[in-house]
Amino acid sequence: MRILRIATGGDGVGRLEDGRTVFVPRTAPGDLVVLRELRVSKTFARGAIAEIVERAPERVEPACPHYERDQCGGCQLQHCSPAAQLAAKRAMVGEALRRIGRLGVEDPEIEPAPSAWGYRNKVTLAVGVGGRPIGFHRQGRPGDLFDLARCLIADPSLMDLWTLVRAHRALLPPDAEQLVLRLDRQGGRHLTVRVRGQTVWSGAGALYRELVARGVPAVIWWEPEEGAPRAMAGAADPWPVGAFEQVNPAMGDRVRSWAVSHLGALPGALAWDLYAGVGETTALLIGAGARVESVELDPRAVREAIRRGPEGGVTRHVGRAEDVAPRLRAAGVVVTNPPRTGMDARVTDAILAARPRGVAYISCDPATLARDLSRLLPRVPASPPLRLTALRAFDLFPQTAHVETVAILEADG
């Protein structure tokens, strides 16, 4: 079978003789492969590589030994050249907007990341029974873990921390189920240990002393089941270690800056910042002269946004966007940055009812972006129609099949 393209999710796509689509992980466009484990349904099939008969020009040797040896599920595209990865992600966005959103658009331009390796400031590791293994799940086998030595897309500072934690895993609590390694904006390391149950972790201090002694200090956090993280060593003041922040902060800054810069003149405008997180977009909007109504569900993120500032020019709302947005004052511009599930229909209705002159939609999933744009773009008699005026993709997550997209909508007339 000849592989024709890369589908959303990162699998290569070929076709059976009867026309059915076949999805094959770890293949590149142009590969000629022999398949095994072919599983056929009425409309599509899935298979695995038995042999690569002809290698595509875009195929490269994966840099990470875990990728093929352990079939690591953290990355999907290490076997593709950087150019092939970018082309695939452009096509994922364009195809979703055309097929799901019914929009007549070309594949968008994509902004590459400054570095394809060592960019992640957060790594989440699953813990096996008794602390072995600790690592990622294998591709296509969510219940199967392998023991991680080093992740090449993670910040090297985090992997230095992991090397020491891995060597001292006996100090972890026996009921640990997940480790989260994270860097804050100042470069400080954090280790959060999530456990089953409520038993307090007595060995946190010993692990902290081992890290300090080897020159890799980190704040140690303990997170009980259905509870909030608590600093156990290395910090006196709370920090919202559980609040969402972009895992590629440099590229996240580029995305937000591009989105805000395409909203036109902002002095005096009232802006909505929906799904506001820790307030980076709110700060940009205020810096450009707008007044902001920000909406964020996570109170920890809102507290961090208040700590970072600015204090003036913003009214902060804690709650679900679908509950809060319909009650906000009518906005001149809207920035929305929802999770992978996209926006509830009540949010798109609220945006249309507000009659903004501009909307910047920051998306981490092309399919839900396409669905939501189809709700925002039809000509609704009760509100001025919006039109899509700019579209750009951003490669926030090199080596993976994930892509960030910004769509700019403007009032028509």
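The values are calculated or read from the model by the stated rules, or taken from the named source; none is laboratory data. Quantities reported herein were computed from a predicted structural model and do not represent experimental measurements. Note: ideal-geometry Cβ built from the backbone for every residue, glycine included; neighbour counts use all protein chains shown.
Enumerate the pairs (first residue in segment 248-261 and under 18 Å from Leu274 (Cβ atoms); second residue anywhere and in a helix (DSSP H, G or I)) with beta-carbon separation below 6 Å, excluding pairs fewer than 6 apart on the same chain, so at least 6 apart or on different chains.
Correct list of pairs: Arg256/Glu280; Arg256/Thr281; Arg256/Leu284; Val260/Leu284.
Given the condition surrounded by fewer than 18 Cβ atoms within 10 Å (Cβ to Cβ), acidic (Asp, Glu) and assigned by TED's automatic domain parsing to the domain that holds Gly203, answer yes or no: does some residue in segment 249-259 qualify?
No, because not a single residue in segment 249-259 is surrounded by fewer than 18 Cβ atoms within 10 Å (Cβ to Cβ), acidic (Asp, Glu) and assigned by TED's automatic domain parsing to the domain that holds Gly203.
Among the residues of segment 298-315, are any under 17 Å from the mean Cα position of the chain (by Cα), of a type outside the set (Phe, Trp, Tyr) and surrounded by 20 or more Cβ atoms within 10 Å (Cβ to Cβ)?
yes
Which condition breaks for Val219 when tested against (1) modelled with pLDDT of 90 or more; (2) surrounded by fewer than 17 Cβ atoms within 10 Å (Cβ to Cβ); (3) over 18 Å from Arg169 (Cβ atoms); (4) among the β-branched types (Val, Ile, Thr)?
In the conditions (1) modelled with pLDDT of 90 or more; (2) surrounded by fewer than 17 Cβ atoms within 10 Å (Cβ to Cβ); (3) over 18 Å from Arg169 (Cβ atoms); (4) among the β-branched types (Val, Ile, Thr), Val219 misses (2) alone.
For residues that are assigned to a loop (DSSP other than H, G, I, E, B) and modelled with pLDDT of 85 or more, scanning just segment 243-254, find the one that is nearest to the chain's Cα centre (by Cα).
For segment 243-254, the residue satisfying everything is Val247.
Between Ala213, Ala231, Ala206, Ala269, which is crowded, with 17+ Cβ neighbours inside 10 Å and more than 25 Å from Ala321 (Cβ to Cβ)?
The unique qualifying residue is Ala231.
Quick one: is Val324 buried (at least 22 other Cβ atoms within 10 Å of the Cβ) and either among the β-branched types (Val, Ile, Thr) or not assigned by TED's automatic domain parsing to the domain that holds Leu376 (or both)?
No, not satisfied.
Criterion first (closer than 19 Å to Arg256 by Cα, of a type in the set (A, V, I, L, M, F, W, C) and touching a residue at least 12 places away in the same chain (Cβ under 8 Å)) does Val318 satisfy it?
Here the answer is no, as Val318 does not meet what is asked.
With at pLDDT below 95 and not in a loop (DSSP other than H, G, I, E, B) as the only criterion, which of Glu17, Glu37, Glu51 stands out?
When all the criteria are applied, what remains is Glu37.
Residue-wise test of (1) under 23 Å from the mean Cα position of the chain (by Cα); (2) modelled with pLDDT under 95; (3) among the hydroxyl-bearing types (Ser, Thr, Tyr); (4) in the same structural domain as Leu377 (by TED's automatic domain parsing).
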| position | (1), (2), (3), (4) |
| --- | --- |
| Leu97 | yes, no, no, no |
| Glu109 | yes, no, no, no |
| Gly128 | no, yes, no, no |
| Phe136 | yes, no, no, no |
| Phe146 | yes, no, no, no |
| Cys151 | yes, no, no, no |
| Ser157 | yes, no, yes, no |
| Leu164 | no, no, no, no |
| Pro174 | no, yes, no, no |
